[in-house]
Amino acid sequence: VQSLLIVDDHPSFRTMARETLSRRFTVVGEAADGAEALDLAARLHPDVVLLDVHLPDIDGFDVAEALTRQDEPPVVVLTSSRHRSDLPPLARTCHAHGFIDKEELTAEALAELVRARL
Amino acid sequence: MVQQHVDLERLAAEQAALRRIATFVAGGAAEGELAAAVTSEIGRLLGAQRANMMRLEGEALRVIGDWSAVGGPPPAVGSVFSFGGDTISARVVQTASSARVDSAADLRTEFAQRRWAELGLEASIGAPVLVAGEIWGVVTASRTSPNDPFPPGAEHHLRDFATLVAQAIVNAEARRETADVVAEQSALRQIATDVAAGRPVSRVLEAVTAEAGRLLEATSVTLVRWEGVLDEVAVVAAWSHPEAAPVEAGSLYHPDPAAATIAVLETGKSSRAQEASPERGVCSVIGAPVIGNAVLLGALTASRPVSTPFPPGAEMRLWRFADLAAQAIANERAQSELRASRARLVRAADETRQRLERNLHDGAQQRLVSLSLALRLLESQLERDPAGARELLADAHAELSVALEELRELARGLHPAILSNRGLAPAVEALAERSTVPVEVELALEAPLPEAVEVAFYYVVSEALANAAKHADASKVVVSARCVEDSAELDVLDDGIGGADLAGGTGIRGLGDRVEALGGRFRVLSPPGRGTRIRVVIPLAADLAPAPIKAG
């Protein structure tokens, strides 16, 4: 079972995501902003990070880039409640390994994305 | 019969001579040309060998016309002499009437007798040229043959002739003044047209300085803007005569404390002074205030060499140019204030949309996303874990309630439905009910106000109540509105700490723009410790339709 870090500034989303994803992943931490995400990732070495694009402090894309520069980088999957077309094309080329719409988030969908990348 | 004939002949010759002179004057002849014509006519009419025209300048006479019969002495035009002694011209000036001398023996001073001998004169007559009751000059005629005095009464003919010459001079001067006034009026009208047409203010100011310089015959004209400190001004526009030292527009300078500029800035009135500068030497300077919308903006000054100071009244003429400059500057300021206020309105609208998007995204949308996840989870848990599923359902329901409340709040922020459905009074009552500070509402509005006015009043009340609750530490707010003549008035008073920061608050600024866009006035009085009073007055113009009341 892979370890997972959830990064999102909305507590209700984090709670629901934890509930939804814990069937396939071990949720090792939750972070509410970019700084906390980098800190927890460095300490917990999660296999997967589910990363909201819009964070109150650091932009999600920048967080993704910083995460992939760590030793043993995690698989980073971006998520957002905005539609893919509302996000910059960067979402497809940046350091994240995948993107998933928030309302389509299921344990299976995430596991599928991660498997494709590993 | 013979005498009558001679008189008629003389009269006809005199009239012909005067006609020639009048034609000459009407052609705009210069003083010297006029004097040459006058003296030659006098010489011929009176059978003289010499004729002179002199202009009185203080204590001296300046020869402006000197005619001699063929073979006479060279003309003495331009020479200036004091009229002491007992010369014919001295007698004329002293008595202000005509005079005659029939032989050297009649002259009572040695000076005069010597002068006659020098000029070879044997008989002279003279008469004053009187303009507006003052001696303007003297005309004389002389004969050079012994025992050939002028006939009796010739000096009176000369006086009559001089009177007509004086009339011609007065007419010519009046015509010149009229021409000056016409030129000035036409220049002022042209500039006024430019101002009204909204020509660039720099062009208008250029025309103001150049035209004032040309018409006042100045060496330079400068328009300065007052920089707020008394002794510092900035040159906004300047014109100088091609032969004078140029004045740089844009330069800052510190006028002499005694300067006309400072006098204008201190008194707000026109002024006149002598000023010394290294570039120009001593100048005669006049100044006029530039006053736009009752605010002293600067000064318009004109200068000339001190030897030829401006005539009396030139300050008032300059003032008319200054008024046009003020109008142009005030128009420009009003325009740029209007542009700034429009830009702020657009920016405020953009910011409002941005805030709404963010609020929607961070609020209701997030909650609905979580709800969607919760429902999916519920589906899978329903069979497996009914107790857990029930708990999840309760959470989802709570989340949905919050999302609904957030949406309601957002919709109200977009536009208060109660305002369009029920009108201003119920909308303000609703605001008062929601307010955390007690609010007293006194609306004395019989008919519905135009929709735009109601919306403006609503937002003013909404913002004022929010401020009273958040910043003012108020225990009570009074909201009142009434119609006075053709305006609607709104007052919001609180008993809080006052000292509201008007410059910093974009909310307040936006309200001011909204009110001003309707042609209204928006004032905030917030003295520290004495509460805050917001006053809005909006004219009820015909083009603002009343608010339609819709059922909702």
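The values are calculated or read from the model by the stated rules, or taken from the named source; none is laboratory data. Note that the coordinates shown come from a computational prediction; the quantities given were computed from them, not determined experimentally. Every residue, glycine as well, gets a Cβ built from its backbone with ideal geometry; the counts of neighbours run over all protein chains shown. Protein only, heavy atoms only, side chains kept; ligands, DNA and RNA dropped before computing areas. Shrake-Rupley method; radii C 1.70, N 1.55, O 1.52, S 1.80 Å.
Answer with yes or no whether B:Arg62 is open to solvent by 60 Å² or more (accessible area, probe 1.4 Å) and not in a strand (DSSP E or B). Walk me through it before giving the result.
Details: open to solvent by 60 Å² or more (accessible area, probe 1.4 Å): yes; not in a strand (DSSP E or B): no.
It is false that B:Arg62 is open to solvent by 60 Å² or more (accessible area, probe 1.4 Å) and not in a strand (DSSP E or B).
Does region B:127-173 hold any residues that are among the hydroxyl-bearing types (Ser, Thr, Tyr) and either open to solvent by less than 60 Å² (accessible area, probe 1.4 Å) or part of a loop (DSSP other than H, G, I, E, B) (or both), and which are they?
Step one: filter region B:127-173 for residues among the hydroxyl-bearing types (Ser, Thr, Tyr), giving B:140, B:142, B:144-145, B:163.
Matches in region B:127-173: B:Thr140, B:Ser142, B:Thr144, B:Ser145.
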Say we look at region B:190-243 and pick out the residues that are surrounded by fewer than 23 Cβ atoms within 10 Å (Cβ to Cβ), of a type in the set (S, T, N, Q) and out of contact with any Pro (no Cβ under 7 Å at 6 or more places or on another chain); which of these is nearest to B:Ala299 (Cα to Cα)?
B:Ser220
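Might you let me know whether region B:226-249 holds any residue that is touching a His at 6+ places or on another chain (Cβ under 9 Å), among the acidic types (Asp, Glu) and modelled with pLDDT under 90?
Here is the first cut: in region B:226-249, the ones touching a His at 6+ places or on another chain (Cβ under 9 Å) are B:231-233.
This time we only want the ones that are among the acidic types (Asp, Glu), so: B:231-232.
Within this subset, residues satisfying the condition of being modelled with pLDDT under 90 are B:231-232.
Yes, region B:226-249 contains a residue that is touching a His at 6+ places or on another chain (Cβ under 9 Å), among the acidic types (Asp, Glu) and modelled with pLDDT under 90.
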Subset of region B:302-335 [within 13 Å of the chain's Cα centre (by Cα) and of a type in the set (Phe, Trp, Tyr)]:
B:Trp319, B:Phe321
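On the given criteria, is B:Leu445 under 60 Å from the mean Cα position of the chain (by Cα) and either within 14 Å of chain A (Cβ to nearest Cβ) or within 23 Å of B:Lys476 (Cβ to Cβ) (or both)? Working first, answer last.
Values: under 60 Å from the mean Cα position of the chain (by Cα): yes; either within 14 Å of chain A (Cβ to nearest Cβ) or within 23 Å of B:Lys476 (Cβ to Cβ) (or both): yes.
Spelling it out, B:Leu445 is indeed under 60 Å from the mean Cα position of the chain (by Cα) and either within 14 Å of chain A (Cβ to nearest Cβ) or within 23 Å of B:Lys476 (Cβ to Cβ) (or both).
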Residue identified as aliphatic (A, V, I, L, M) and farther than 15 Å from B:Val290 by Cβ among B:Ala212, B:Ala196, B:Ala238, B:Ala234
B:Ala196
Confirm whether B:Glu383 is open to solvent by 90 Å² or more (accessible area, probe 1.4 Å), part of a helix (DSSP H, G or I) and within 14 Å of chain A (Cβ to nearest Cβ).
no
Check whether at least one residue in region B:314-321 is open to solvent by 10 Å² or more (accessible area, probe 1.4 Å), of a type in the set (D, E, K, R) and without any contact (Cβ under 8 Å) to a residue 12 or more places away in the chain, and report yes or no.
no
Consider region B:361-391. How many of its residues are in contact (Cβ under 8 Å) with a residue 40 or more places away in the chain and of a type outside the set (A, V, I, L, M, F, W, C)?
1
If I ask for residues that are open to solvent by 20 Å² or more (accessible area, probe 1.4 Å) and either among the β-branched types (Val, Ile, Thr) or more than 20 Å from B:His241 (Cβ to Cβ) (or both), which ones from region B:269-296 would you list?
B:Lys269, B:Ser270, B:Val282, B:Ile291, B:Asn293, B:Ala294, B:Val295, B:Leu296
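Which residue out of B:Thr144, B:Thr109 is polar (S, T, N, Q) and in contact with a strand residue (DSSP E or B) (Cβ under 9 Å, 6 or more places away or on another chain)? Step through it out loud before you land on a result.
Values: B:Thr109 fails: in contact with a strand residue (DSSP E or B) (Cβ under 9 Å, 6 or more places away or on another chain).
The unique qualifying residue is B:Thr144.
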Single condition B:Gly388 does not satisfy, out of (1) within 14 Å of chain A (Cβ to nearest Cβ); (2) loosely packed, with under 12 Cβ neighbours inside 10 Å
(2)
Tell me which residues, restricted to region A:3-26, are in a strand (DSSP E or B) and within 14 Å of chain B (Cβ to nearest Cβ).
A:Ile6
Search result, residues across region B:325-339 that are in contact (Cβ under 8 Å) with a residue 60 or more places away in the chain and open to solvent by 50 Å² or more (accessible area, probe 1.4 Å):
B:Gln327, B:Asn331, B:Glu332, B:Gln335
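When only residues in region B:370-379 that are more than 8 Å from chain A (Cβ to nearest Cβ) and closer than 15 Å to A:Ala107 by Cα count, which is most open to solvent (accessible area, probe 1.4 Å)? Break it down stepwise before answering.
Within region B:370-379, the subset more than 8 Å from chain A (Cβ to nearest Cβ) is B:371, B:375, B:378-379.
Those left that are additionally closer than 15 Å to A:Ala107 by Cα: B:375, B:378-379.
Numbers: B:Leu375: 98, B:Leu378: 22, B:Glu379: 134 Å².
Among those residues, the one meeting the criterion is B:Glu379.
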Which of (1) crowded, with 23+ Cβ neighbours inside 10 Å; (2) in a strand (DSSP E or B) does A:Ala37 not meet, given it meets every other one?
(2)
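Name the single residue that is least open to solvent (accessible area, probe 1.4 Å) among those in region B:394-415 being farther than 30 Å from B:Ala430 by Cα and within 13 Å of another protein chain (Cβ to nearest Cβ). Reasoning before the result, please.
Going residue by residue through region B:394-415, those that are farther than 30 Å from B:Ala430 by Cα are B:394-396.
Those still in the list that are within 13 Å of another protein chain (Cβ to nearest Cβ) too: B:395-396.
Details: B:Asp395: 83, B:Ala396: 12 Å².
Looking at the filtered set, the residue picked out is B:Ala396.
Between B:Arg342, B:Arg367, B:Arg353, which is open to solvent by 40 Å² or more (accessible area, probe 1.4 Å), more than 14 Å from chain A (Cβ to nearest Cβ) and more than 41 Å from the chain's Cα centre (by Cα)?
Values: B:Arg342 fails: more than 41 Å from the chain's Cα centre (by Cα); B:Arg367 fails: more than 14 Å from chain A (Cβ to nearest Cβ).
Within the list B:Arg342, B:Arg367, B:Arg353, the selection yields B:Arg353.
Only residues that are outside any helix (DSSP H, G or I), under 10 Å from B:Val437 (Cα atoms) and either open to solvent by 70 Å² or more (accessible area, probe 1.4 Å) or among the basic types (Lys, Arg) (or both): list them for region B:463-485, please. Walk me through it before giving the result.
First pass over region B:463-485, keeping only residues outside any helix (DSSP H, G or I): B:473-485.
Add one more test, that the residue is under 10 Å from B:Val437 (Cα atoms), and what stays is B:473-477.
Once the filter is applied, which keeps residues that are outside any helix (DSSP H, G or I), under 10 Å from B:Val437 (Cα atoms) and either open to solvent by 70 Å² or more (accessible area, probe 1.4 Å) or among the basic types (Lys, Arg) (or both), region B:463-485 yields B:Asp473, B:Ser475, B:Lys476.
Criterion first (at negative phi, under 60 Å from the mean Cα position of the chain (by Cα) and among the hydrophobic types (A, V, I, L, M, F, W, C)) does B:Ala398 satisfy it? Can you show your working first?
Numbers: at negative phi: yes; under 60 Å from the mean Cα position of the chain (by Cα): no; among the hydrophobic types (A, V, I, L, M, F, W, C): yes.
Taking the combined requirement at face value, the residue does not satisfy it.
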Subset of region A:64-90 that is at pLDDT below 85 and open to solvent by less than 20 Å² (accessible area, probe 1.4 Å) - its residue that is farthest from the other protein chains (Cβ to nearest Cβ):
A:Leu87
Starting from region A:11-36, keep only residues that are touching a residue at least 40 places away in the same chain (Cβ under 8 Å), then list their pairs with residues that are acidic (Asp, Glu) whose Cβ atoms are within a distance under 8 Å, requiring at least 6 positions of separation or different chains.
A:Phe13/A:Asp52; A:Ala17/A:Asp8; A:Arg24/A:Glu108
